[in-house]
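The values are calculated or read from the model by the stated rules, or taken from the named source; none is laboratory data. Just so you know, these numbers come straight off a predicted model, no measurement behind them. Cβ placement follows ideal geometry from the backbone for every residue including glycine, while neighbour counts extend to all protein chains displayed. Only protein heavy atoms, including side chains, enter the accessible area calculation; ligands, DNA and RNA are left aside. Shrake-Rupley method; radii C 1.70, N 1.55, O 1.52, S 1.80 Å.
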Amino acid sequence: VNGLPFCFSNNGRTNTMISLSSWMIKMSQMGAGELLITSCDKDGTRSGHDIETLQGVSKSIDIPMIASGGAGSKQDIEKVFIDTQVSAVAVGSLFQFTEVTPHEIREHLRLSDIPVRSAPKHRVGLAK
């Protein structure tokens, strides 16, 4: 709103009139261990993340942040880690509508010297 990030509810339809920064600070003070930040403007577009907003809010708190909304390529995800202080990136449309896999993203980030967790080892078959 007017160039400033605000919190929205109701799937992005209702502006709460609470600034994103003040809400994040309040959640941190209330003991939140991690925050998911989704850009309503970028979500589902695969046009890259809202780096400017992520840069601003990642400086206002010291708890882990997950960036969501906008991932359209491996390079978009890499850019978030290089240009902001977020600790994770959530990805949806990139996996739904392209051939890019989580493994490819992990490998791309590793080659760019960005630390990533190992993939979980899943067992195939029925649980006993």
Note to self: For residue 6, what residues show an amide H to amide H distance below 5 Å, using hydrogens built from the backbone and excluding near sequence neighbours?
What the structure shows: 20
Notebook entry, point to check: What nm distance separates the two modelled labels at residue 52 and residue 119, each placed 7 Å from Cα along Cα→Cβ?
Noted result: 3.7 nm
Item checked: 18 Å Cα-Cα reach of residue 42 towards lysines, excluding residues that sit fewer than 8 places from it in its own chain -> 74, 79
Next item on the list: Please list the non-local residues whose amide H lies under 5 Å from the amide H of residue 35, H modeled 1.01 Å from N, same-chain partners needing a gap of 5 or more.
Entry: 65, 66
Note to self: Report the gain in length on full extension from residue 112 to residue 9: 0.36 nm times residue separation, minus Cα-Cα distance, nm rounded to one decimal.
What the structure shows: 33.5 nm
Notebook entry, point to check: Hey, any idea what the orientation-averaged projected area of the convex hull of segment 1-126's Cα atoms comes to, in nm²?
Noted result: 9.7 nm²
Checklist line | With Cα atoms, 0 to 90° folded angle of helix 20-29 axis to the chain main axis | finding: 80 degrees
Checklist line | Angle between the chain longest axis and helix 74-83 axis [Cα atoms, degrees, rounded to 10] | finding: 50 degrees
Next item on the list: Keeping the other protein chains in place, figure out the carbon and sulfur percent of the accessible area of the chain, with a 1.4 Å probe.
Entry: 51 percent
Next item on the list: For segment 68-113, calculate the relative contact order in percent as a whole number, restricting contacts to Cα pairs under 8 Å that are 6 or more residues apart.
Entry: 42 percent
Checklist line | Per residue accessible area in Å² of the chain, where ligands, DNA and RNA are left out and the probe is 1.4 Å | finding: 68 Å²
